[in-house]
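A.B. asks: The following block contains the structure, expressed as structure tokens.
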Amino acid sequence: MSLAEKMTDVATFLAYSVALEEESAERHDELADMMDVHHNPEVAETFRKLAGYSRLHASEIREHSSGRQLPVIAPWDFEWDGMEGPETADVADVSYLMSIAHALKIATGNERRAHDFYHEISEHSPDAGVRALAAEFAAEELEHLELLQEWQARITDSDDEFVFDPDPAHTPE
Amino acid sequence: MEQATTAKKAIPKDYKSDYKPIWCPGCGDFAVLNAITKALAFLALPREEVALITGIGCSSRIAGFTSLYGFHGVHGRSLAVAAGLKAARPELTVLVAGGDGDGLSIGGNHFIHACRRNMNLTYIMMDNEVYGMTKGQASPTTAADWEQSKLTPHGTGIRPFKPAGLALTAGASFIARGFSGDPNGLARMLVEAISHPGFSFVQVLSPCPTFCPEQMQWKKQVRIFEETDTDDPILAAQRIQADDGMSTGIIFRQEYAVFQAQSTAGADLEPIEQEFAI
Amino acid sequence: MNATPSCDISVAITGSGGAGSITAGELLLGMAGSNGCFGVMRRSFGPQIRGGEAAALVRVQHQPVECMNDNFDLLLALDWRNAERFAGEIALRPDSVIIADPAAGEIPAPVRELGVDIIEVPMKALAEEVEAGRPNMVALGLLCQWLGFSPDEAGRSIDQAFRARGEVIVRGSQAAFDKGFTEPSIVAARKARPGSERQVPSWSETRWQLNGNEACGLGALRGGIRFAAAYPITPASDLLEWLSPRLEKLGGQLLQAEDELASINMVIGASFGGVPAMTATSGPGLALMLEGIGLAVASETPAVIVDVMRGGPSTGLPTKSEQTDLNMALYGMHGDAPHLVLGALDHADCILTTEWSVRLAEALQTAAVVLTDQYLAQSRALIPEPRYTLPEIPARSTAESAAEYLRYADTPSGISPMAIPGTAECTHVAEGLEHRENGRPSTAAADHARQLEKRARKLREFDFGEHWADIRGDGTTAILTWGSTTAAVREAADRLQDAGTKVKVIALRLLLPASPDRLAETLQGVDRVLIVEQSHGRQFHHYLRAHYDIDAECRTHARPGPLPITPGEIVEQFVNWS
């Protein structure tokens, strides 16, 4: 049985949604910190913005759940498709030499996956309330995706191979 | 395993310091930091009662990025520092972390003895099959034909250790392998490892994007062990030997006598002084 | 207190193949103790683990004594197998005496050629006259007669020594002892010697029996050590073995390590946890520990390392004494790593110096290397009950919960309050990397300068008080030494004094930090200085030249191990020196 088919109550669905956004936000912040430390301020700022959006979404979802007691689910008990939440950027995909274009490419991938996650639930959850909410969230993800695509259109740097760093690696210790 | 309930719910951020990690973006160690802090939050351990002892290497910098009591010692000796601390302060939760070079080369002797001694410690080995900090030499877990090191340009020609196999033979009572691409799964593993009474060894496949860019493919190669953990060392040995080293999960778990340094309630010095008098 | 020369007797007992010469020597020392005497016993062995040739070397006096004499008054040979091994260590005078068993074979030519009196006693035959009698117990009886001891305590000592082996052995040993004690040839020989009336010493205060390793252990416990890491090495293993059950009784622990690298790091771990911690080793082990000691210095973690020096370099002479780890203790760490180095001067001083070292290491949050040597560590001595007072030294400076805690805060004294795990809000990372005041790693010049200066200042500004050296006597002649040669130097000074030369004996106890001002003050009015050390490479001499200005005329008597430096050879140095 897929996760969508098992998603039978709104509280659990909201718990998943909050976790999805918070994990995404934390990861974006982490990536922003990485970029800060490695002196790539534009991409750092990009990730911070993305973190901000995820955090905003998380707090909106929390508002949806006001009055409800959400179940406490251990981080490893979430049955995501992959190893982490669908909107969580993969640390393996980044480089200190990356450009804003790279960052946005990662972000749009995340948004697509988040959309697909909600969409699946909106189609296959046995609970009407869940399906409705999921459809709403899926639609919002599409909006976010569009915003990101507009942002992508505005930037001029490329998402081709990472620019190379002529300096060799250095031994700090 | 129980999630602790406290008045104020501990969150992973409580266990992080404000020191931003200096690891290269893409490094697997970020996930280990996440997983450790998630595990500690789950267990709701007061951070001043947790110690994190590290050696030397990129991964050993992890202590500075936490807000625990850390000790950043010298290369390869973290397990010894941890043993002394745990013997003197058995009530603390003592974690040890470092890399494959720190733990299996210079630290190799301390590793096998720590496995055998079975003190209640958790040892997290971030394995990227290279000496990252010193710019890319082969480590004891590097493939024999890896030719990217200037020290061993033809490859080492030496078969690498299987860290889990070494731990098993040396007598470790909890052996697990995690992957930095699965920080949540790793967090769960760490909760089990920390809760396990005895020496817990958690090898974490943690790629190095700078010196081993090919390791960024690990996420496509890693899988979860089909079997759940066993308490039978022979079965565990077979699984480890049959595996290509890319399967994750808790492999072996057994309860052996936990080493505790002998100590009785404090008498005083007077009777000892008296021993000398004629 | 009677102090006649005939009350100073040095006896050597040699034997092989399980003859029990060491047991006899130990019991003899015990008998000296119960007869109100002072004394010291050291041992010498062949390379076998058991059954090799062995010599017990005992000196007994009615007043405190801690060094071996220049030569021996009596050699008792249970047999002559491989006895030439000890030829260098057992010097005899023309008027010395040898007691030998004719059944033990021909006396080797070199011994016969000494021309000393030989008293033949059929110890083996006498032993065989009683059930379970053994020649070494006959020998013990002979020696007690020779030394004028009362036999009253002998029965009890023998019972204690052999109780575990059963009644038959105990009774047999006591009977063999009696045979020796009443042996007519010895009774007669003793009566024929001058000053043979049994002197009753009048020392009324308590005496102790101990060896230097035990004394260091006691000093450590007095200082507050409650954790020890242990890796066996000759001649330090018995210090750790002595500590193990006693630490446990006091609520502490001993952890056996897999190697010396683990030992020093375990010490650091326990100390980081707030428990005063130590280990003990010898030269090869100290060499392995150097990196760890440097970590203790850089991370400002108190640590005490007792180094029981033995013959070097490398594997060297593991069962012999030497004073050649000084260079390593002083200069072995890489980087500028100010720390403490102290050396115990005699058996009782092992207690004082170790206790002092622990308290200093704790107060100054640094590493203290305490140097003793195989001679002090493994020779047993009968000494007056040690009494000393140390200055008040603050305990480790701790930190209470505080926001903005700075582990390496640059205080005026250089000592930063040290928060131990469990203290809320003071979490930090103790660092081997150079660091800022908050412990974060740093390569900045200002941070390195600050921390280097801080770690140096905390030692430089500390007032170590009077115990930096032990100074006795006065005069324009001084003898400057350190460690176990002190006892021989003191005796040499007494002899020189008796012959009309006043001598000031200066024995350095605190080696690092050096005390140049104090030594300069002590040497005021001194115009010649003899430096005495047990080292081929003159390590102490070089140390003095590096850290002190000595205006007086200096000579150095430096001899390596394995033979102890004797009072006589020190006195010799002044023969052609006006």
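A.B. asks: Other chains' Cβ within 10 Å of C:256-262 residues: what's the mean?
C.D. replies: Details: counts 3, 6, 10, 4, 0, 8, 10.
For peptide C:256-262, the averaged partner shielding equals 6.
A.B. asks: Report relative contact order for chain B in percent, whole number only (criteria: Cα-Cα under 8 Å, sequence separation at least 6). Display every interim value, and only then the final one.
C.D. replies: On the way: 576 pairs, mean separation 49.1, N = 278.
So the answer I get is 18 percent.
A.B. asks: As I understand it, the dipole of chain C uses +1 on the Cβ of Lys and Arg and -1 on the Cβ of Asp and Glu, about the Cα centre. Which of C:Ala430, C:Tyr375, C:Pro313 lies farthest toward its positive end?
C.D. replies: C:Tyr375
A.B. asks: May I pose another question? If you average 1/r over every pair of different alpha-carbon atoms in chain C and take one over that average, what Kirkwood value in Å do you get? All intermediate terms of the calculation are to be shown ahead of the outcome.
C.D. replies: Details: mean 1/r = 0.0394 Å⁻¹.
Hydrodynamic radius (Kirkwood, Cα only) of chain C equals 25.4 Å.
A.B. asks: Further question: Using a 10 Å cut-off around each Cβ, can you sort B:Arg253, C:Arg440 from fewest to most neighbouring Cβ atoms?
C.D. replies: With the sparsest Cβ surroundings first, the list reads C:Arg440, B:Arg253.
A.B. asks: Moving to a separate point now. Counting other beta carbons within 10 Å of each residue's own, what order do C:Met68, A:Met1, B:Met246 fall into, fewest first?
C.D. replies: A:Met1, B:Met246, C:Met68
A.B. asks: Further, regarding this structure: Among A:Tyr53, A:Val91, A:His28, which residue has its Cα furthest toward the positive end of the charge dipole of segment A:8-110, with +1 on Lys/Arg Cβ and -1 on Asp/Glu Cβ?
C.D. replies: A:Tyr53
A.B. asks: If you don't mind, another one. On C-alpha positions alone, give me the angle between the axis of helix B:183-195 and the longest principal axis of chain B, in degrees, nearest 10.
C.D. replies: It works out to around 30 degrees.
A.B. asks: For segment C:5-203, what ratio Rg/Rh do Cα atoms give with a Kirkwood hydrodynamic radius?
C.D. replies: Values: Rg = 15.5 Å, Rh = 16.7 Å.
Here the Rg-to-Rh quotient is 0.93.
A.B. asks: Tell me, what is the FRET efficiency for C:Glu453 and C:Asn327 to the nearest 0.05, using R0 = 25 angstrom and their Cβ-Cβ distance as r?
C.D. replies: Working: r = 25 Å, r/R0 = 1.01.
It comes out at approximately 0.50.
A.B. asks: Further question: How much of the DSSP beta bridge set in chain C is antiparallel, as a percent to the nearest 5?
C.D. replies: Close to 35 percent.
A.B. asks: How much length, in nm to one decimal, is gained on full extension between C:Glu569 and C:Ala445, taken as 0.36 nm per residue of separation minus their Cα-Cα distance?
C.D. replies: Working: separation 124, 0.36 × 124 = 44.64 nm, distance 5.26 nm.
Between C:Glu569 and C:Ala445, full extension yields an extra 39.4 nm.
A.B. asks: Against the longest alpha carbon principal axis of chain B, how many degrees, from 0 to 90 and to the nearest 10, is the axis of helix B:233-242 turned?
C.D. replies: Roughly 20 degrees, rounded to the nearest 10.
A.B. asks: Distance in nm between label sites at A:Val72 and A:Ala139, each 7 Å beyond Cα in the beta-carbon direction?
C.D. replies: Label-label distance for A:Val72 and A:Ala139, simple model: 3.5 nm.
A.B. asks: At 15 angstrom or more along the helix axis (alpha-carbon based) and mean Kyte-Doolittle of -0.5 or higher, what helices does chain C contain? Whole DSSP H runs only.
C.D. replies: Result, helices passing both filters: C:21-34, C:135-147, C:167-181, C:212-223, C:260-272, C:283-299, C:347-364.
A.B. asks: Next up: Rounded, prolate or oblate: which fits the protein assembly as shown, taking a ≥ b ≥ c as square roots of the Cα gyration tensor eigenvalues, rounded meaning a/c under 1.5, else prolate when a/b beats b/c?
C.D. replies: prolate
A.B. asks: Where the centroid of each part is defined by its Cα atoms, how far is segment C:430-489 from segment C:284-336 in Å?
C.D. replies: 16 Å
A.B. asks: I would also like to ask the following. If you fit an axis through the alpha-carbon atoms of helix B:78-88 and take the longest principal axis of the Cα set of chain B, what angle between them do you get, 0 to 90°, nearest 10?
C.D. replies: 20 degrees
A.B. asks: Then there is this: In what sequence do B:Asp127, B:Asp268, A:Asp81, C:Asp447 fall when counting other Cβ within 10 Å, fewest first?
C.D. replies: By the 10 Å Cβ count, ascending, the order reads B:Asp268, A:Asp81, C:Asp447, B:Asp127.
A.B. asks: Then there's this: Partner chain Cβ atoms within 10 Å, averaged over the residues of C:137-143 - can you pull that number for me?
C.D. replies: Average per residue, whole number: 0.
A.B. asks: Using label points projected 7 Å from each Cα along Cα→Cβ, tell me how many nm separate A:Lys6 and B:Arg223, to one decimal.
C.D. replies: Result: 2.1 nm between the two label points.
A.B. asks: Based on the Cβ-Cβ distance from B:Thr152 to B:Glu214, what FRET efficiency comes out when R0 is 22 Å, to the nearest 0.05?
C.D. replies: For B:Thr152 and B:Glu214, the calculated efficiency is 0.85.
A.B. asks: Can you list the HN-Hα couplings for segment B:261-274, worked out from phi with the Karplus curve (6.51, -1.76, 1.60; θ = phi - 60°), rounded to whole Hz and with x for Gly and Pro?
C.D. replies: 4, 5, 7, 10, 4, x, 7, 10, 6, 3, x, 5, 4, 5
A.B. asks: Is chain B rounded, prolate or oblate when judged by the Cα gyration tensor, a ≥ b ≥ c being the square roots of its eigenvalues, rounded requiring a/c under 1.5 and prolate requiring a/b larger than b/c?
C.D. replies: prolate
A.B. asks: When DSSP assigns beta bridges and you keep just the ones with both residues in the protein assembly as shown, what percent turn out antiparallel, to the nearest 5?
C.D. replies: Restricted to the protein assembly as shown, the bridges split so that about 30 percent are antiparallel.
A.B. asks: Next up: Give the Rg/Rh ratio for segment B:140-198, taking Rg as the radius of gyration of the Cα atoms and Rh as the Kirkwood radius, to two decimals.
C.D. replies: 1.13
A.B. asks: Hey, another quick one. If the only charges are +1 at each Lys and Arg Cβ and -1 at each Asp and Glu Cβ, what is the size of the charge dipole of chain C around the Cα centre, to the nearest 20 debye?
C.D. replies: 340 debye
A.B. asks: For segment A:102-142, what's the relative contact order in percent, using C-alpha pairs closer than 8 Å and at least 6 residues apart?
C.D. replies: 43 percent
A.B. asks: A further question on this structure: Name the shape class, rounded, prolate or oblate, that the alpha-carbon gyration tensor gives for segment B:1-135, where a ≥ b ≥ c are the square roots of its eigenvalues, rounded holds for a/c under 1.5, and otherwise prolate holds if a/b is larger than b/c and oblate otherwise.
C.D. replies: oblate
A.B. asks: Rounded to the nearest 20 debye, what is the charge dipole size of segment C:397-463 about its Cα centre when +1 sits on each Lys and Arg Cβ and -1 on each Asp and Glu Cβ?
C.D. replies: Values: 9 positive and 11 negative charges, 42 e Å.
Around 200 debye, computed over segment C:397-463.
A.B. asks: Okay, next question. As a quick test, which of the pairs A:Lys105/B:Lys20; C:Lys249/C:Lys320; A:Lys49/B:Lys219; B:Lys13/B:Lys219; A:Lys49/B:Lys20 have an alpha carbon distance above 29 angstrom in this structure?
C.D. replies: Beyond 29 Å between Cα atoms: C:Lys249/C:Lys320.
A.B. asks: Explain nothing, just the number: relative contact order of segment C:167-293, from Cα pairs under 8 Å at least 6 residues apart, as a whole percent.
C.D. replies: Once normalised by length, the contact order is 24 percent.
Read the figures in this text as sums done on the coordinates, not as results from a lab. Owing to the predicted nature of the structure, the values given are computational and were not obtained by experimental measurement. Note that we place each Cβ from the backbone using ideal geometry, even for glycine, and neighbour counts take in every protein chain shown.
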